[in-house]
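Undergrad: To start, I am sharing the structure in question, which I have written as structure tokens.
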Amino acid sequence: MALNIESRVIEIIAEQAMLQPDEVLLSDTLESLGVDSLGLVEAIFAIEESFDIQVPFNANEPGETTFDISSVQSIVRAVEKLVAEAG
């Protein structure tokens, strides 16, 4: 399941960055991929819908969240944790 989570999160982020999934590296940041704040919010909604989870992220206070958005890898790990907790 972890590989499926990783690939789906990468697909979602790639869509927001208008890139192909194979162009997105785990070490990339959303900023380096050109994902702006609206793209981030859309990505979070897509992640929530794809995995039937609630992401603890407040777009009005992005620094006040426990959901780590510092890199693609950190987002994947955070989603894996939320999916495991929900399961």
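Undergrad: Would you please list the contacts, defined by Cβ atoms under 8 Å and residues six or more apart or on different chains, that run from a residue in the range 62-87 that is over 19 Å from residue 29 (Cβ atoms) to a residue that is in a helix (DSSP H, G or I)?
TA: Close Cβ pairs (under 8 Å, with a partner that is in a helix (DSSP H, G or I)) amount to 82/51; 83/5; 83/51; 86/51.
Undergrad: How many of the residues making up the range 41-56 are under 20 Å from residue 26 (Cα atoms) and either assigned to a loop (DSSP other than H, G, I, E, B) or among the β-branched types (Val, Ile, Thr) (or both)?
TA: Looking only at that region, the number is 4.
Undergrad: Let me ask something else. Name the single residue, out of those in the range 20-46 being more than 13 Å from residue 75 (Cα to Cα) and polar (S, T, N, Q), that is surrounded by the most Cβ atoms within 10 Å (Cβ to Cβ).
TA: The qualifying residue surrounded by the most Cβ atoms within 10 Å (Cβ to Cβ) is 32.
Undergrad: Something else about it: Does any residue of the range 18-33 turn out to be of a type in the set (Val, Ile, Thr), without any contact (Cβ under 8 Å) to a residue 24 or more places away in the chain and assigned to a loop (DSSP other than H, G, I, E, B)?
TA: No; the residues of the range 18-33 include none that is of a type in the set (Val, Ile, Thr), without any contact (Cβ under 8 Å) to a residue 24 or more places away in the chain and assigned to a loop (DSSP other than H, G, I, E, B).
Undergrad: Please enumerate the residues belonging to the range 67-80 that are in a helix (DSSP H, G or I) and either surrounded by 18 or more Cβ atoms within 10 Å (Cβ to Cβ) or modelled with pLDDT under 95 (or both). Write out each step before concluding.
TA: Step one: filter the range 67-80 for residues in a helix (DSSP H, G or I), giving 72-80.
Result: 72, 75, 76, 78, 79.
The values are calculated or read from the model by the stated rules, or taken from the named source; none is laboratory data. Predicted, not measured: the structure shown is a model, and the values here were computed from it. Positions of Cβ are backbone-derived with ideal geometry, glycine not excepted, and every protein chain shown enters the neighbour counts.
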